[in-house]
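Notes to accompany the following structure.
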Amino acid sequence: MREGTVHMTSQDRNTMSLRVPAKPEYLIVCRLALNGLAYVAPVSDEALSDLKLAVTEACANSMSHAYGPDEGFVTMRVAVDDGAVAIDISDEGTGMADPAPSPTGANGGLDEGGMGLALIRALVDELEITPGPQGAGTRVVFRKRLTPTV
Amino acid sequence: MSRSSQVSDRDLLRAYHEQGDESAREELIERHLPLVRALALRYAGRGEQLDDLIQVGSIGLIKAIDRFELDRGVQLTTYAIPTIVGEIKRYFRDRTWSVSVPRRLKDLNLTISRLLEELTATLGRSPSVAEIAEAAHVDEEDVVEALESGRAYSTVLPPTQAREEENDAGPDPIDTLGSVDHGFEVSEDRLALASGMHVLSKRERRILHLRFFEGLTQSQIAHEIGISQMHVSRLIRQAIDKLRDAIEETET
């Protein structure tokens with residue numbers, strides 16, 4: 001079995017990119033990478049916590065559903081610009097299960113994936129879900145302002 | 001007692017908001033408690049009890065049910081999640097992010113400091129993050145964050161190789177203070193402190209160790225060493241003075 005690898009590049013001055021195996025144990029790598037944000041941008045503890053939770057939810061979707069038993073990767077890109085943090089998480093898997101909530105179902109009417117997305121929406125200012133970069137998989141992009149709007 | 005799940009959230013909301021049916025409200029609350037719990041779980045493990053988080057989350061749920069507007073075309077769950085998360089976050093803001101998190105980090109740092117010493121002594125090498133996390137009963141992420149925050153290492157001895165096996169208890173942690181560990185940045189303060197350590201007698205080192213690394217009180221140290229608490233107090237002050245002098249000397 002192939003060992004997982006973490007590949008990291010800095011594409012430009014304000015973007016970091018992290019590509020990790022789509023396995024739950026690599027989630028911590030993505031979360032820890034966000035800690036570094038506090039050094040390059042004025043991110044409050046609370047905002048950092050929101051971003052980590054959002055990343056956790058987005059990665060959890062990709063890591064537990066996207067590839068089934070196949071091996072794959074999850075890519076996280078983090079950019080800081082204009083007083084906001086933008087995070088882009090994508091996989092090249094089979095795409096997400098239908099995130100639409102069931103009207104009355106168990107678990108509060110949402111499956112885990114649906115709840116994850118609704119949770120991300122509650123934590124960030126903008127959220128966009130599209131097919132992955134090559135048409136396969138899922139891409140979750142969100143953006144959080146660093147100064148709260150009143 | 002709960003109604004058939006055939007009855008939709010919307011029906012229940014209508015019964016509650018339009019007919020004042022309190023049992024419909026109860027049913028909605030009960031039905032969505034798993035959602036509250038799922039959200040609370042995501043915030044657990046930060047020094048707050050899950051039960052407390054579920055409780056404040058439930059307040060958010062009830063607010064969402066009470067404020068729900070039937071003519072808005074959203075699902076109750078979609079509407080409730082931000083409200084529930086909002087309450088949980090408010091709870092953290094009030095209690096934790098302002099007070100307990102620094103406190104918790106501080107406590108964790110103390111724990112890690114102690115474990116680093118203990119594990120270094122018992123293993124005869126630097127413990128891994130996983131080993132520290134296991135011993136501290138916290139996540140590895142917590143350990144890394146505490147270390148990364150730099151605070152842990154301001155009061156911590158460097159994990160280091162066992163340099164000699166002169167006694168069974170492993171290396172005296174104080175003796176390892178001056179050695180540079182390759183895994184971590186060594187702060188200037190610690191270098192300065194380490195370079196001054198040689199001016200202390202063995203007993204003074206031991207007392208400082210017990211006081212500042214083990215966190216014992218002066219009375220406990222007095223008991224441990226078999227001298228009076230007054231004497232301990234005097235020795236600590238004396239040792240600190242010596243260290244300060246030695247450090248100032250190296251700096252000038």
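Since every read-out is calculated from the coordinates, none of them should be taken as a lab result. Keep in mind that this is a model prediction, so the values were computed, not measured. Cβ placement follows ideal geometry from the backbone for every residue including glycine, while neighbour counts extend to all protein chains displayed.
In sequence order, what are the phi-derived ³J(HN,Hα) couplings for the stretch B:232-248 according to the Karplus relation 6.51 cos²θ - 1.76 cosθ + 1.60 with θ = phi - 60°, rounded to whole Hz, with x for glycine and proline?
Result, ordered by residue: 4, 4, 5, 5, 5, 4, 4, 5, 5, 4, 4, 4, 4, 4, 5, 5, 4 Hz.
How about the stretch B:1-94: which GluC sites (Glu not before Pro) there lie in a loop by DSSP and see at most 16 other Cβ atoms within 10 Å?
B:E69
Please give the average number of partner chain Cβ atoms lying within 10 Å of the Cβ of each residue in A:48-57, rounded to a whole number. Before the final figure, lay out the partial values.
Details: counts 0, 6, 2, 0, 1, 5, 0, 0, 1, 1.
Mean number of neighbouring Cβ atoms from other chains: 2.
Can you list the HN-Hα couplings for the stretch B:67-79, worked out from phi with the Karplus curve (6.51, -1.76, 1.60; θ = phi - 60°), rounded to whole Hz and with x for Gly and Pro?
Along the stretch B:67-79, the couplings run 9, 4, 9, 4, 7, 8, x, 10, 6, 4, 4, 4, 6 Hz.
With θ set to phi - 60°, apply the Karplus curve 6.51 cos²θ - 1.76 cosθ + 1.60 along the stretch B:31-40 and write out the HN-Hα couplings as whole Hz, x wherever there is a Gly or Pro.
5, 9, 4, x, 5, 4, 4, 4, 6, 4
Given labels modelled 7 Å from the Cα in the Cβ direction, how far is it in nm from A:D70 to B:H198?
6.4
Per residue of A:31-39, what is the mean number of Cβ atoms on other protein chains within 10 angstrom of that residue's Cβ?
Working: counts 3, 5, 0, 0, 5, 1, 0, 2, 0.
Across A:31-39, the average partner-chain Cβ count within 10 Å equals 2.
Under the 0.36 nm per residue contour assumption, what length would be gained going from the current alpha-carbon distance of B:Q49 and B:E131 to full extension?
Length difference between fully extended and current span is 27.0 nm.
For the stretch B:9-97, what Kirkwood radius comes out of the mean inverse Cα-Cα distance, in Å?
After inverting the pairwise mean of 1/r, the radius is 13.3 Å.
Between B:Q229 and A:E25, what FRET efficiency follows from the Cβ-Cβ distance if R0 is 41 Å, with the result rounded to 0.05? Write out the running numbers ahead of the final one.
Working: r = 50 Å, r/R0 = 1.22.
FRET efficiency, B:Q229 to A:E25: 0.25.
What order, most packed first, do the peptides A:29-35, A:40-46 have when packing is the mean number of other Cβ atoms within 10 Å of each residue?
With the highest mean Cβ count within 10 Å placed first, the list reads A:29-35, A:40-46.
How many Cβ atoms of partner chains, on average, are near each residue of B:77-86 if near means within 10 Å of its Cβ?
On the way: counts 11, 9, 1, 4, 10, 5, 1, 3, 7, 1.
For this peptide, the per-residue mean of nearby foreign Cβ atoms is 5.
With Cβ to Cβ distances under 11 Å as the rule, what net charge do the other residues near B:S128 carry (K, R +1; D, E -1)? Mind dumping the intermediate values first?
Working: positive: B:R125; negative: B:E131, B:E134, B:E140.
Around B:S128, the surrounding residues sum to -2.
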